[in-house]
1. Does LEU200 fit the bill of being open to solvent by 10 Å² or more (accessible area, probe 1.4 Å) and either polar (S, T, N, Q) or at pLDDT below 90 (or both)?
2. Contact list please: Cβ distance under 9 Å, first residue in the range 257-268 and in a loop (DSSP other than H, G, I, E, B), second residue open to solvent by 50 Å² or more (accessible area, probe 1.4 Å), pairs at least six apart or on different chains.
3. Tally up the residues in the range 132-144 that are touching a residue at least 40 places away in the same chain (Cβ under 8 Å) and open to solvent by 20 Å² or more (accessible area, probe 1.4 Å), please.
4. When only residues in the range 322-347 that are in a strand (DSSP E or B), surrounded by 12 or more Cβ atoms within 10 Å (Cβ to Cβ) and touching a residue at least 60 places away in the same chain (Cβ under 8 Å) count, which is nearest to the chain's Cα centre (by Cα)?
5. Tell me yes or no: at least one residue of the range 152-160 is aliphatic (A, V, I, L, M), under 13 Å from PHE203 (Cα atoms) and in contact with a helix residue (DSSP H, G or I) (Cβ under 8 Å, 6 or more places away or on another chain).
6. Here is a list of conditions, (1) part of a loop (DSSP other than H, G, I, E, B); (2) among the aliphatic types (A, V, I, L, M); (3) surrounded by fewer than 17 Cβ atoms within 10 Å (Cβ to Cβ), and ILE218 meets all of them except one; can you say which number that is?
7. Taking the conditions exactly as written (touching a Ser or Thr at 6+ places or on another chain (Cβ under 7 Å), within 30 Å of ARG275 (Cβ to Cβ), open to solvent by 30 Å² or more (accessible area, probe 1.4 Å) and in a strand (DSSP E or B)), does ARG244 satisfy them or not?
8. Select from the range 177-215 the residues that are part of a helix (DSSP H, G or I) and β-branched (Val, Ile, Thr) and list them in ascending order.
Amino acid sequence: MGAAGDMLTAALYELLPDKQCFLEKMNNLGLPGVSVAAERLEKCGIVGTHMKVTVNGEEEPAEEAEHHIAAGHVHLPDIGTLLDSLAVPDRVRANAKAVYKLIADAESEVHGQPVNEIHFHEVGAMDAIADVVGVCLLLEMIAPDEIFASPVHVGSGFVRCAHGLLPVPAPATALLLKGIPICGGQVQGELCTPTGAALLKHFVTRFGDRPVMSTDAIGVGLGKRDFEQANCLRAFLGKREGRREKITMLECNVDDMTGEDIGFATEMLFKAGAREVFTQPVGMKKSRPGVLITAICLPEKADELAAVMIKHTTTLGVRRQDLSRYVLKRKTETVETPYGPVRVKVSSGMGVERRKAEYDDLAAIAGRNDLSLQVVRKEIEAGR
């Protein structure tokens, strides 16, 4: 059901083991007149949390909450000054400013005005600032390694805002969601607000299918409006059991290229962004021995790689297959050894963890010290 600042805040809030700590931090930030409380609500039989934000004792009506029709004009420098005054960690402040910069850039493009002159009718109200800071603070407390999200449900129809009646998604929201998979559906109303879109755009690592993971906690954030289907946003916190990513495999068969030409084509494919390139001997028509050339790449690079394959081989066509693969989480660490620093590739997930010293570093050590790779590898592993 889309994404709004209060629903994101509520869903992430439910993931915390110490929920009271978050509420105390929010209510001691220094936001003028703002009070934050978590209340239990039920939508279509599902119980969850609604994050109630009051300003000077009043909560904004649900019909105005998404676009702050009654809000006064607030500019980006004003919001920056307010964020600078809050008692939050530096990274929370930086993330909140980055989210507002995304919104300001989108509003600037929509209205054709300089960024610093943009009036934040929709997202400049105190309760919206509380939503943005609340999400940034919650993610700092949860500290996830990665954040994934499903395609964004934006709703349909029209929404009334300070500028009048606008189509869903509102122009600024549509700009913020460029490059992000979205869907409409039959629900009448705005389901993804500018604030929600900016928060997703800033924090989400990847949009698409849910990764394979074991879930430790589930958060349910509820909106105030009622629809035929549950107006809720869910957040899952857990450990990834293996990353699945989409890849594309490109192939062609050739029987009239020299080994040198095939080697050059392989180099060009790697240079163009192929993840893997390999060859296999195959039997072709007229009983001719040939070579199968295969390149693995990300889907967005496939057209470019296909053109490179056609340019540097004698093939008349390239076969394409869109696949998915499971991959381990990878990172690189640097360890100190008697021979100096050595980079170590660490891969983990799906019940395994592997460590492997970087070949280039081992080769350099072996060359400097007149040793074999096996000796260098053994000594480094023994001293680890």
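The values are calculated or read from the model by the stated rules, or taken from the named source; none is laboratory data. Source: prediction; values computed, not measured. Neighbour counts are summed over all protein chains in view; Cβ atoms, including those assigned to glycine, are modelled from backbone coordinates with ideal geometry. Quick note on the areas: whole protein, heavy atoms, side chains included, nothing else; ligands and nucleic acids left out. Shrake-Rupley method; radii C 1.70, N 1.55, O 1.52, S 1.80 Å.
1. no
2. MET257/THR314
3. Qualifying residue count for the region: 5.
4. Going through the qualifying residues, I end up with LYS329.
5. No, because not a single residue in the range 152-160 is aliphatic (A, V, I, L, M), under 13 Å from PHE203 (Cα atoms) and in contact with a helix residue (DSSP H, G or I) (Cβ under 8 Å, 6 or more places away or on another chain).
6. Only one criterion is unmet by ILE218, namely (1).
7. It is true that ARG244 is touching a Ser or Thr at 6+ places or on another chain (Cβ under 7 Å), within 30 Å of ARG275 (Cβ to Cβ), open to solvent by 30 Å² or more (accessible area, probe 1.4 Å) and in a strand (DSSP E or B).
8. Scanning the range 177-215 gives a single hit, THR195.
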